[in-house]
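These notes concern the structure reproduced below.
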Protein chains: 2
Amino acid sequence: MKKLILSSIFCLLCSACITVTAQNADSLTIKRIFSDALTDTTSYHNLRNLTGHYSARLAGSAQSLKAVKWAEQVLKNMGLDTVWLQECRVRHWDRGEKETGKVISVKAGNHNLSICALGGSVPTAVKGLTAKVVEVKDYDELKKLGREKVNGKIVFINHPADPALYITFAAYGGVAGYRVHGAVQAAYYGAVAMIDRSSTTSHDNFPHTGIQHYADTVNKIPALSVSTNDADKLSRWLKTDPDLNLFLKTSCSELPEITSHNIIGEIRGTEHPEEIIAFGGHLDCWDICQGAHDDGAGVVQTIDILRIFKSVNLKPKHTIRVIVYMDEEMEQRGAKAYAEAAKGRKHIAAIEADRGGFTPWGFSIDASNEQVKKVQSWKNLLLPYGLFYFEKGGSGVDIHDLKSQDVPLFGLVPDSQRYFDYHHSVNDSFDKINIRELQLGTATIAALVYLIDQYGL
Amino acid sequence: MKKLILSSIFCLLCSACITVTAQNADSLTIKRIFSDALTDTTSYHNLRNLTGHYSARLAGSAQSLKAVKWAEQVLKNMGLDTVWLQECRVRHWDRGEKETGKVISVKAGNHNLSICALGGSVPTAVKGLTAKVVEVKDYDELKKLGREKVNGKIVFINHPADPALYITFAAYGGVAGYRVHGAVQAAYYGAVAMIDRSSTTSHDNFPHTGIQHYADTVNKIPALSVSTNDADKLSRWLKTDPDLNLFLKTSCSELPEITSHNIIGEIRGTEHPEEIIAFGGHLDCWDICQGAHDDGAGVVQTIDILRIFKSVNLKPKHTIRVIVYMDEEMEQRGAKAYAEAAKGRKHIAAIEADRGGFTPWGFSIDASNEQVKKVQSWKNLLLPYGLFYFEKGGSGVDIHDLKSQDVPLFGLVPDSQRYFDYHHSVNDSFDKINIRELQLGTATIAALVYLIDQYGL
């Protein structure tokens, strides 16, 4: 018995020793990953090039096709094992000329609005449209007004995002639905157009665009976004003159679909090349911005993970793969093409970076409780880098379709406070990127990829 | 026995109930604090006024005296129980005319350097000085060169801050000593001036100033800071032409000391008015910037705590007090005056906000292990606001002198990644402030003040 006890203690100590040694080795490797990321400027320069030369790269646009060639060349220059393009058909919606929004009122004065069409919107008539405006805060108010008071008018949905919510994605989530479905709701009551207060807690002067959807059951009416400052002003002018007129002119068009591509690059695994750890961001961005945080950052970060593995001489056991997705903003056609092609292949994890290049907190994890616990067991290795967040939650729309294939999904979670100041607006430009924050996001994903490669899920 | 067990269980449940109820009440109060902070813009507007009208408010300057009046008026307008000024004598060092730094070399060309005098530096001769330059990375290299190679020359200390360090304060800590003591070390070997690479990981074009100290044992020589980009260039030019000349001209002067003030405001406690929870930031800033993050942010945040307590109708049991400190940057004379006057008064906690207005992580705590544990027991109440950091560590130089009076000290710890991009340079301006990040810092301190007021330490 004594011997058994001693032997048990010995075993315990022994396994503790192994654990400590492994933790130390992991800790050193993760330190090398962070040091490499923080001292290298490749991803920052990649982002400068991408945003400088290929801004406004909405799926279907000429800019997006040039950006595909750019991304392919960046990956080809890295000396990876394989780089290839994966075809996907994408919509080609085009904004046309810059939109006009003009308040016309004897009592409230004439004023230009800072306004833009929402993604996928139909145009106004060539000469524009002029109509009175009804302001509502939500669909309940719209319903109360009913067809009688809405018919023939422009519905102005003025629902401010709630600044009191700590996580800005929650504030955004509370209002983005008005952008996406507002035109359908307004058209149901006979509205001739819908303008939505921009989906941001920020008080600024530029419209924030984004996708909106039509339904087959009602008329397709022009759908636009107005800057938050101008939404406040319009609301005041409507109090002065409820009968003011608003002139709107947009010339958007839906052109024939075209062929575009995801861009994929990988380093093959030394032990399990058939098993894949995938990570990526999306190359497309809205046509009114550079797409620096959304999602140029995610693209250059996930590309840079492959550079880091080479730079610190980590030879992954499993294949590690970057996917530069096409068309996140409109219809996720790239994501669907990738998920379709992935059937029958084994992905042991997929990670998405699409919440801006800010100081990382950790990951939102869409996986089993056991897998979440496994990741949480690595917390002590990551806390020295401010990474404290490893919780069950959604990942991202580009990897979401892999869920039906039982792939554990991860979304990089950065600090969210500034994201919606920039999101889908001209303010999402390269000068809003802090190099250290960007690099830390890269290192954070690289560290997770390393741990998954070492210990699985 | 059965009864006893049941009764014990009952007691346990009961105390658990009380704990849960208290936690819920605290959780709701903290939510109200954060909601109020995130929806109110007072502190942001205060900071816009302070930085817009009273930039360059170095202790002793005319601007600093105007800023004192501004802060006094802000506090007086808040309807506090007491507002008063606390006298302190401060140095009056003046930069004089903008500095000149010029490389003169046939081989390397003539180039202006982006350069400024360090705080407290003596001037060059009126006509400036011209000398050859020796570049060193550290004091070991300086020692190796010795008097023979240093005498009569300008010592250029070119020690880059280490970007690989995650916490930028660690990177800064690794190089700031060269700024503070470099002139003494250089003068010891006969140097005629010292120029230091700016103490930042950032690669930028503006010099970052800061205090430097002389010793009585060696000559006082002009001490300057050069931008990191120009430090890199100067280093390259010195490789091309080791004999190049550098012309330096500064006209700083040390004027007679003047009287200045801390500004203090408080809400008296309802149960223990004689016991004080103090918090503050420093009003003075370097004379080449607006001092938005350092430390206008800390000033408006800690002032705003009193507004929040009134706004959400919290009546503190203990007196809560804001101290707007004078002269953190040079000699901490305000801090010393406050600590001296505090003797015999009971401070149950002191909190300093002086690391920039960025997304808060939590607090660095200079207190007993038991007190740190008590604060950590509140973690679950604060984690919903991204506050995960409650660790033993230094607080801040303005409250540090209260340590000898056994006061538990707290330093607000925000994300540090961007701080040294701005620190002590013209880049520390109001446009670098994000309103939400600023407000979250305020709410974080207010929540801690509330918990200390409720439960003590």
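Just a few scattered comments:
- Three-way shape label, segment A:97-251, alpha-carbon gyration tensor, a/c 1.5: rounded
- For the rotational copies B and A, the chain B residue with its Cβ nearest the relating axis, together with that separation in Å, is B:Phe388, 2.
- If both residues of a DSSP beta bridge must be in the protein assembly as shown, then about 50% of such bridges are antiparallel.
- Lys, Arg +1 and Asp, Glu -1 on Cβ, resulting dipole of segment B:109-222 about Cα centre, debye, nearest 20: 380 debye
- Taking a sphere under 13 Å around the Cβ of B:Met326 and counting the other residues whose Cβ falls inside, with K and R at +1 and D and E at -1, yields a net charge of -3.
- Global form of the protein assembly as shown, assessed from the alpha-carbon gyration tensor, a/c cut-off 1.5: rounded
- Relative to the other identical copies, A:Asn229 shows label-point distances of 2.8 nm, where the label point lies 7 Å from Cα along the Cβ direction and values run shortest first.
- Relative contact order of segment A:97-251, defined on C-alpha pairs under 8 angstrom at six or more residues apart (%): 38 percent
- Think of each Lys and Arg Cβ as +1 and each Asp and Glu Cβ as -1; about the Cα centre, that makes the dipole of segment B:298-377 roughly 620 debye.
- Segment A:401-446 shape via C-alpha gyration tensor axes, a/c threshold 1.5: oblate
- Here the spin labels are modelled as points 7 Å beyond Cα on the Cα-Cβ line, and at B:Ile258 and A:Thr41 they lie 4.2 nm apart.
- Among beta bridges that DSSP assigns inside chain A, antiparallel share in %, nearest 5: 50 percent
- Label 7 Å beyond Cα on the Cβ vector: B:Thr217 copy-to-copy distances, nm: 8.7
- A cut-off under 14 angstrom between Cβ atoms defines the neighbours of A:Arg179, and their net charge, with Lys, Arg +1 and Asp, Glu -1, is -2.
- Gain on full stretching of the segment that runs from A:Asp232 to A:Asn369 - 0.36 nm per residue minus C-alpha separation: 44.8 nm
- With label points set 7 Å from Cα along Cα→Cβ, the inter-copy distances at B:Ser27 are 3.4 nm, sorted shortest first.
- The label point for B:Ser404 and the one for A:Lys220, both projected 7 Å from the Cα toward the Cβ, are 7.8 nm apart.
- Sites B:Lys143 and A:Thr270, calculated FRET efficiency, Cβ-Cβ separation with R0 35 Å, nearest 0.05: 0.10
- Whichever lysines have a C-alpha closer than 16 Å to that of B:Lys76, once near sequence neighbours (fewer than 8 apart) are set aside: B:Lys66, B:Lys310
- Dipole size of the protein assembly as shown about its Cα centre, with +1 on Lys/Arg Cβ and -1 on Asp/Glu Cβ: approximately 460 debye, rounded to the nearest 20.
- Approximate spin-label separation B:Lys107-B:Glu87, in nm, with each point projected 7 Å along Cα-to-Cβ: 6.0 nm
- Extension gain, A:Asn380 to A:Asn245: 0.36 nm times the residue separation minus the Cα-Cα distance gives 42.5 nm.
- Length-normalised contact order for chain B - Cα pairs under 8 Å, 6+ apart - percent: 21 percent
Bear in mind these aren't lab numbers, they're just calculated from the coordinates by the rules spelled out. Since the model is a prediction, treat every value here as computed from it, not as a measurement. Methodologically, a virtual Cβ is constructed for each residue, glycine included, from the backbone with ideal geometry; neighbour enumeration extends over all protein chains shown.
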